[in-house]
Structure formats: C-alpha cells, structure tokens
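The values are calculated or read from the model by the stated rules, or taken from the named source; none is laboratory data. Nothing here was measured: the structure is a model prediction, and the numbers come from that model. Virtual Cβ from ideal backbone geometry, glycine too; neighbours counted across all protein chains shown. For accessibility, only protein heavy atoms count, side chains too; no ligands or nucleic acids. Shrake-Rupley method; radii C 1.70, N 1.55, O 1.52, S 1.80 Å.
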Amino acid sequence: MPKHERLNRGWLKIGELARRLGVPVTTIRYYTDIGLLPVVAETQGGYRLYDQDEVSVRMAVIKQMNGSRPTLQETKVVIEKAAMSGELVTAAA
C-alpha cells in the first residue's frame, strides 16, 4: 500500500505511531501482542499498520487506568467493553 494511501486512511507504521504517541516501539508491540491494540493491516513488507485515532484513544484509556494500577487483564476488559459499546469509536471521531 502506498504511503499516501495509508496516511489518508489514518494508518501508521509502528515506528511512526510510537513517535506520535511518545512511547517506545516495544510498548506498542507489547500492547499489540497481548491484545490491547489492534493491527488494521500489514504492508507487503510485513510492517504492522495501526489506525492512529483508535490507538490514540486506547492509549489514553491505558494511561488513565495506570494511575489505579489495574492488571493487564482488567485494562483489556475495560478497552474491549468500550470498543463493543462504541465508546472508543465515538471518542476517536
């Protein structure tokens, strides 16, 4: 997928997303691997692509919850419930 096309869709590679969010690539990769952040597609070269708006909202929820020291499972449940109810989509729009 050409860069301009993925940028028009709001999709970023992992490194681009990490820079914009101010977190290490390893954090994005870890949260993806445990199911907190969804990958919307992969490039032909195997790079993960993320929806910038959705991940920004999810990361805000994660950061907000970190103050109360939840487990990763508790964080995942909150994010999944918000995604299912449409709250993440509404917040990102």
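Tabulated data for the structure shown
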read-out: Gap separating the Cα centres of the range 1-50 and the range 60-87, nearest whole Å; value: 20 Å
read-out: For the chain, accessible area per residue (1.4 Å probe, heavy atoms of protein chains only), Å²; value: 62 Å²
read-out: Along each principal axis, Cα extent of the chain, largest first, Å; value: 40, 27, 19
read-out: Percent of Cα pairs exceeding the 14 Å cut-off, where the set is the range 36-82; value: 54 percent
read-out: Segment residue 83-residue 64, length gained on full extension (0.36 nm per residue, minus Cα span); value: 5.2 nm
read-out: Calculated FRET value between residue 4 and residue 71, using beta carbons and R₀ = 30 Å, to 0.05; value: 0.15
read-out: Distance in nm between pseudo-label sites at residue 23 and residue 44 (7 Å out along the Cβ direction from Cα); value: 3.1 nm
